[in-house]
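*Asks:* Questions regarding the structure given below will be posed in turn.
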Amino acid sequence: NAGVTQTPKFQVLKTGQSMTLQCAQDMNHNSMYWYRQDPGMGLRLIYYSASEGTTDKGEVPNGYNVSRLNKREFSLRLESAAPSQTSVYFCASIATDRANEQFFGPGTRLTVL
Amino acid sequence: AQSVTQPDIHITVSEGASLELRCNYSYGATPYLFWYVQSPGQGLQLLLKYFSGDTLVQGIKGFEAEFKRSQSSFNLRKPSVHWSDAAEYFCAAATWAGNMLTFGGGTRLMVKP
């Protein structure tokens, strides 16, 4: 039981490049989230998926797209990276039968030059 | 708007001393409340959660938190801090009906030997 896994762990991009952050969970959770973490700002929600086939914007969706490929996987795509997207990205899945406890992946540290 | 506030950005305590980390929330109704811990370079780990019942909640690693409705607070406490407790701590809240977590900005705890 791996929980929530994320790839890659680290990435450096140049401005304008694109990339996809991958996330997978093996806990059979319906809901999955993408957050970004910046110093002093806690975690801010980028996008979420309440169930397979649905996605919704969170607090800071601009510059990102997501795909809920199946129940296990939820990817985050940066089409044209900008320095403002330098951050640590966390994926989480949610146990709605456990008072919405969220299980987090280890994070992806992204630097955009 | 719903919000979670952690007034202290940094706290330093001596090993063996007691600890209290503050968290205040602003929600229309009493939300689910959580405390997470993040060690350097790691994802977030749930320490404890409150959703109803006893206002004093016990968590892992010897932590507890007290929910005070009159003060809209959910402060985290530990009687005796260990050096391994040095980390960043996040308070978070979610509505009853939904499952979107709102995080506070975090409190970084440093432990002096």
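*Asks:* Could you tell me which numbered condition B:Thr95 fails, if it satisfies all but one of (1) surrounded by fewer than 16 Cβ atoms within 10 Å (Cβ to Cβ); (2) within 14 Å of another protein chain (Cβ to nearest Cβ); (3) polar (S, T, N, Q)?
*Replies:* It fails just one condition, (1).
*Asks:* Taking strands (runs of 3 or more DSSP E) that fall entirely within segment B:50-113, which contain at least 2 residues that are modelled with pLDDT under 95 and under 11 Å from the mean Cα position of the chain (by Cα)?
*Replies:* Of the strands (runs of 3 or more DSSP E) lying wholly inside segment B:50-113, those with at least 2 residues that are modelled with pLDDT under 95 and under 11 Å from the mean Cα position of the chain (by Cα) span B:87-94.
*Asks:* When the residues of segment A:1-55 are filtered to those that are within 14 Å of another protein chain (Cβ to nearest Cβ) and touching a helix residue (DSSP H, G or I) at 6+ places or on another chain (Cβ under 9 Å), which remaining residue is surrounded by the most Cβ atoms within 10 Å (Cβ to Cβ)?
*Replies:* In this case the residue turns out to be A:Arg36.
*Asks:* Considering each of B:Tyr89, B:Tyr27, B:Tyr32 in turn, give the residue that is hydroxyl-bearing (Ser, Thr, Tyr), in contact with a Gly (Cβ under 7 Å, 6 or more places away or on another chain) and surrounded by 13 or more Cβ atoms within 10 Å (Cβ to Cβ).
*Replies:* B:Tyr89
*Asks:* So, in segment B:35-49, exactly how many residues are part of a loop (DSSP other than H, G, I, E, B), surrounded by fewer than 17 Cβ atoms within 10 Å (Cβ to Cβ) and within 9 Å of chain A (Cβ to nearest Cβ)?
*Replies:* 2
*Asks:* Also, quick follow-up: Restricting attention to segment A:84-103, and to residues there that are out of contact with any Lys or Arg (no Cβ under 8 Å at 6 or more places or on another chain) and hydroxyl-bearing (Ser, Thr, Tyr), which single residue is farthest from the other protein chains (Cβ to nearest Cβ)?
*Replies:* Ranking the qualifying residues of segment A:84-103, first place goes to A:Ser84.
Per-residue answers, yes or no, for (1) more than 24 Å from B:Phe90 (Cβ to Cβ); (2) among the small types (Gly, Ala, Ser); (3) touching an Asp or Glu at 6+ places or on another chain (Cβ under 6 Å):
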{"site": "A:Cys23", "(1), (2), (3)": "no, no, no"}
{"site": "A:Asp26", "(1), (2), (3)": "yes, no, no"}
{"site": "A:Ser51", "(1), (2), (3)": "yes, yes, no"}
{"site": "A:Thr54", "(1), (2), (3)": "yes, no, no"}
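*Asks:* Still on this structure, I have one more. Among the residues of segment A:61-71, is there at least one that is of a type in the set (D, E, K, R) and away from chain B (no Cβ under 11 Å)?
*Replies:* Checking segment A:61-71: at least one residue is of a type in the set (D, E, K, R) and away from chain B (no Cβ under 11 Å).
*Asks:* Let me ask something else about it. Hey, among B:Gln71, B:Gln42, which residue is out of contact with any helix residue (DSSP H, G or I) (no Cβ under 9 Å at 6 or more places or on another chain), without any contact (Cβ under 8 Å) to a residue 24 or more places away in the chain and not small (Gly, Ala, Ser)?
*Replies:* Just a single option satisfies the conditions, and that option is B:Gln42.
*Asks:* Checking the condition in a loop (DSSP other than H, G, I, E, B) and in contact (Cβ under 8 Å) with a residue 60 or more places away in the chain, which residue from A:Thr15, A:Thr5 passes?
*Replies:* Exactly one residue qualifies, and that residue is A:Thr15.
*Asks:* Would a scan of segment B:8-15 turn up a residue that is in contact with a helix residue (DSSP H, G or I) (Cβ under 8 Å, 6 or more places away or on another chain), more than 14 Å from every other protein chain (Cβ to nearest Cβ) and part of a strand (DSSP E or B)?
*Replies:* no
The values are calculated or read from the model by the stated rules, or taken from the named source; none is laboratory data. Since the model is a prediction, treat every value here as computed from it, not as a measurement. A quick note on method: Cβ atoms are made from the backbone with ideal geometry, for glycine too, and the neighbour counts reach across all protein chains shown.
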